Amino acid sequence: MRVEQLTCAIGAELTGVNLADAIHDDGLFAEIRATLLKHRVLFLRDQNISRAEHVAFARRFGELEDHPVAGSDPENPGLVRIYKNPDQPNDRYENAWHADATWREAPQFGAVLRCVECPPVGGDTMWANMALAYEKLPEHVKAQIADLRARHSIEASFGAAMPIEKRHALKAQFPDAEHPVVRTHPETGEKVLFVSAFTTHFTNYHTPERVRFGQDANPGAGDLLRYLVSQAYIPEYQVRWRWKPNSIAIWDNRSTQHYAVMDYPPCHRKMERAGIIGDKPH
């Protein structure tokens with residue numbers, strides 16, 4: 001296996017490896033896992049694997065989970081189908097910087113995403129290193145956010161376009177989760193900035209140390225959250241990947257965010273993602 005680093009901040013391309021082999025080869029899988037921790041997102045070309053092999057490889061990292069809004073392959077539970085179709089103009093909305101499923105009490109460990117069909121140009125995906133984003137924050141901001149916690153909502157994101165009854169039912173099934181604004185990576189010990197498009201508000205901002213009068217709370221908390229969310233937008237923290245059929249990305253959802261670029265209508269884009277169950281952030 002050869003590893004080519006793609007940017008100074010994040011991402012590496014693997015060559016000379018077939019992910020189907022890593023299903024049964026413990027040494028190869030351990031090498032891939034260690035490389036993932038180092039580079040945060042890994043890319044491979046020409047991985048002509050079956051859906052069953054896709055799921056079997058992803059399961060080596062942990063159990064998989066379905067998505068309550070995006071449908072899964074009926075024969076391979078845990079393999080979510082992200083299909084964009086030009087015949088469905090209302091399904092063209094795509095994306096904001098986010099880590100997957102932070103609206104869960106235990107957001108995903110990571111994911112294995114394979115391109116099934118993509119436009120000849122466009123439809124790239126970008127990833128950002130959120131450990132580096134935290135590291136580069138000014139020290140006074142790090143001190144300000146050290147003990148902050150925030151809510152993450154599926155209702156305010158996936159549920160926003162639903163009729164009110166369906167939206168409320170979705171929130172009843174998945175109540176807003178509360179996570180630390182700065183989480184500690186459970187394997188590397190790094191501190192990671194952990195707010196994104198799923199984050200709605202801080203839950204413990206309104207204290208005498210931060211707020212002089214009630215009027216301070218709303219602009220102060222809102223402005224700080226917008227500033228923190230915007231750190232993922234910084235190009236120096238990012239890598240951008242151009243898809244081809246049978247290309248694969250594997251990423252650590254605990255220390256990254258990603259953004260699927262919506263620049264390709266009226267083309268098709270069909271992706272299949274195996275999301276791996278994670279742990280509760282601390």
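The values are calculated or read from the model by the stated rules, or taken from the named source; none is laboratory data. In this text the structure is predicted, and so the values were computed from the model without any measurement. All Cβ positions, even for glycine, are placed from backbone atoms using ideal geometry, and neighbour counts span all protein chains on display.
Checking segment 161-169 against the condition returns a match, with at least one residue being more than 28 Å from GLN144 (Cα to Cα) and surrounded by 16 or more Cβ atoms within 10 Å (Cβ to Cβ). Among all positions in segment 219-235, there is at least one residue which is part of a loop (DSSP other than H, G, I, E, B), at pLDDT 95 or above and surrounded by 13 or more Cβ atoms within 10 Å (Cβ to Cβ).
Of everything in segment 16-49 that is in contact (Cβ under 8 Å) with a residue 40 or more places away in the chain and not in a loop (DSSP other than H, G, I, E, B), the residue that is surrounded by the most Cβ atoms within 10 Å (Cβ to Cβ) is VAL41.
Among the residues making up segment 129-152, those that are within 11 Å of VAL192 (Cβ to Cβ) and either of a type in the set (Phe, Trp, Tyr) or in contact with a Ser or Thr (Cβ under 7 Å, 6 or more places away or on another chain) (or both) are ASN129, MET130, ALA131, TYR134. Restricting segment 191-235 to residues that are free of Cβ contacts under 8 Å to residues at least 40 places away in the same chain and in contact with a helix residue (DSSP H, G or I) (Cβ under 7 Å, 6 or more places away or on another chain), the residue that is farthest from ASN129 (Cα to Cα) is VAL211. Against the conditions (1) surrounded by fewer than 20 Cβ atoms within 10 Å (Cβ to Cβ); (2) more than 24 Å from VAL261 (Cα to Cα); (3) out of contact with any His (no Cβ under 9 Å at 6 or more places or on another chain); (4) not acidic (Asp, Glu), ILE145 satisfies every one except (1). What are the residues in segment 252-275 that are of a type outside the set (S, T, N, Q), outside any loop (DSSP other than H, G, I, E, B) and closer than 11 Å to MET126 by Cα, if any? Answer for segment 252-275, where residues must be of a type outside the set (S, T, N, Q), outside any loop (DSSP other than H, G, I, E, B) and closer than 11 Å to MET126 by Cα: HIS258, TYR259, ALA260. Evaluate the following for PRO68: is it assigned to a loop (DSSP other than H, G, I, E, B), modelled with pLDDT of 95 or more and either among the aliphatic types (A, V, I, L, M) or under 29 Å from ARG183 (Cβ atoms) (or both)? No. Across segment 180-206, the number of residues qualifying as surrounded by 18 or more Cβ atoms within 10 Å (Cβ to Cβ), polar (S, T, N, Q) and not in a strand (DSSP E or B) comes to 1. Counting the residues of segment 50-68 that are touching a Gly at 6+ places or on another chain (Cβ under 9 Å), crowded, with 17+ Cβ neighbours inside 10 Å and of a type outside the set (A, V, I, L, M) gives 3.
Looking only at segment 1-10, decide whether some residue is farther than 19 Å from PHE109 by Cα and part of a helix (DSSP H, G or I). No, that holds for no residue. Go over the candidates MET162, MET126, MET130 one by one and state the one that is within 17 Å of SER255 (Cα to Cα) and in contact with a Leu (Cβ under 8 Å, 6 or more places away or on another chain). None of the other options fit; the residue is MET130.
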